[in-house]
Amino acid sequence: MAKLSAFTNVLTSPQAGDLLYIVRSGVSYQISVTNFVGGADDINTDLVTLAGVQTLTNKTLTTPKIVNAGYISDESGNEQINFTTTASAVNNIGVKNNTTGNNPVLFAAGEADTGISFQNSEGENMFVMDAVPSGVGCIGVQNAAAGNKPQLYTAGANDLGLKIITIESEEMLILVPTASAVNEITITSAATGNAPQIAATGGDTNIDLLLKGKGSGSPRFSGNHDGWIDANETPTYASASTMNVLTGATSKFQKGDRIRFKQGGGWKYAVLTTTADTLLTILVNTDYTIANAAITDFYYSHEVNPIGYPHWFNCAAPTFIVGTIDNGSGGQPTTTYYRQSIIGNTLFVRCSGSGTKATTDNIIAFTLPVYEADNAGQFTSIGIIIIIFTSTRIVGTGGNIDSNPALCYLFLNTNITDNQAIDFGFNLAYEF
């Protein structure tokens with residue numbers, strides 16, 4: 001093996017394995033000859049030059065320096081990571097790899113409890129992550145497979161919750177967790193013309209949404225509150241006056257409640273006369289009936305006067321007892337109008353018509369639209385009864401109610417002769 005120990009020596013026939021020594025700026029470098037092409041002054045070496053474009057492999061960098069505005073480029077020379085210098089900098093970014101099953105780490109280094117800020121190209125903050133001493137709770141972000149939602153979650157300890165504050169540390173939103181919770185709130189956006197929704201969702205089949213005020217305060221609604229509550233279920237047809245609903249209806253609905261729904265057109269309105277576990281019964285009327293068709297947009301109201309509710313319903317004529325009044329030949333008298341209204345558990349009736357008195361006495365009787373509650377057979381003030389014949393006006397102010405069958409007897413102040421043609425009108429109200 002030939003060796004050059006001084007620059008005065010000339011290696012005329014170099015062989016593989018020969019060593020060359022170069023001194024630059026007082027530092028000696030040793031170069032091994034790996035190949036020599038005869039007749040040419042070619043020596044293939046691993047010498048790194050200042051100006052050459054070379055690929056370095058398996059080199060260890062301890063404290064390399066990159067100048068201000070310097071960058072690391074990709075294989076095409078395009079910028080990938082840029083570096084900006086801050087005078088007397090202390091805080092910086094650290095990168096740590098990790099073992100199987102653990103995430104690599106990007107961290108703030110320098111001073112203790114330093115956070116990280118993300119800025120745009122103009123140096124404006126876009127996302128700031130601050131740190132606190134001995135911090136445990138933190139925020140996690142998890143992506144999701146197709147059809148699932150990404151997640152933002154609290155980490156570091158169980159049941160931490162989340163607080164959103166302003167830059168002045170003013171609380172804006174506090175999310176408090178419950179251990180082993182299965183129910184939550186879901187907020188749903190909406191297209192033009194439709195209302196966004198805040199709903200109770202979760203593992204339970206039926207669950208309320210509780211809104212609470214602080215101390216003696218209570219929830220308040222701003223804007224146009226129409227008085228209607230989305231029933232959050234889809235009833236089905238049972239009959240012209242009944243509909244099937246989800247089990248547990250008696251804990252949600254009660255008699256006197258107003259309801260509205262659609263069956264392919266505009267709103268239909270009704271008032272409940274009875275409720276059972278899975279069945280609702282409405283006051284029978286001729287304005288709105290339940291068709292044997294799909295029911296949608298089902299709402300209810302415990303309020304007396306929700307927007308749009310008609311209050312009074314036109315109803316089919318009552319059945320009069322022809323032994324008290326008829327049409328002059330044993331048939332039903334003529335009913336001009338017959339309307340009903342319900343407030344709470346009180347039913348109001350307005351009726352007018354004409355006929356012929358049957359039997360000389362002071363009674364007119366007819367069937368009630370809904371059975372009376374619990375004072376059957378009791379005399380009760382039911383309103384004003386007016387009977388007119390041959391310019392004579394007779395007034396009555398009371399009646400007797402028999403619940404089996406549901407009959408109402410109207411008592412007049414004066415007897416009326418049998419076969420006397422009369423016009424009648426009355427208003428009455430009773431508990432049902």
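The values are calculated or read from the model by the stated rules, or taken from the named source; none is laboratory data. On a predicted model such as this, the values are computed, not experimentally measured, just so you know. Heads up, the Cβs are rebuilt from the backbone with ideal geometry, glycines too, and the neighbour counts pull from every protein chain shown.
Report whether or not GLY353 is touching a Phe, Trp or Tyr at 6+ places or on another chain (Cβ under 9 Å), modelled with pLDDT under 80 and in a strand (DSSP E or B).
Against the criterion (touching a Phe, Trp or Tyr at 6+ places or on another chain (Cβ under 9 Å), modelled with pLDDT under 80 and in a strand (DSSP E or B)), GLY353 does not qualify.
For segment 74-91, state whether one or more residues are in contact with a Pro (Cβ under 7 Å, 6 or more places away or on another chain) and more than 30 Å from VAL53 (Cβ to Cβ).
Checked segment 74-91: no residue is in contact with a Pro (Cβ under 7 Å, 6 or more places away or on another chain) and more than 30 Å from VAL53 (Cβ to Cβ).
Among the numbered criteria (1) within 26 Å of LEU368 (Cβ to Cβ); (2) surrounded by 17 or more Cβ atoms within 10 Å (Cβ to Cβ), which one does TYR299 miss?
Failed condition: (1).
With the condition being on the phi < 0 side of the Ramachandran plot and over 19 Å from the mean Cα position of the chain (by Cα), I'd like the strands (runs of 3 or more DSSP E) fully within segment 125-198 carrying at least 3 qualifying residues.
Ranges flagged: 125-129, 138-142, 151-155, 162-165.
Which number in (1) under 27 Å from VAL304 (Cβ atoms); (2) modelled with pLDDT of 80 or more; (3) assigned to a strand (DSSP E or B) marks the one condition that ASN362 misses?
(1)
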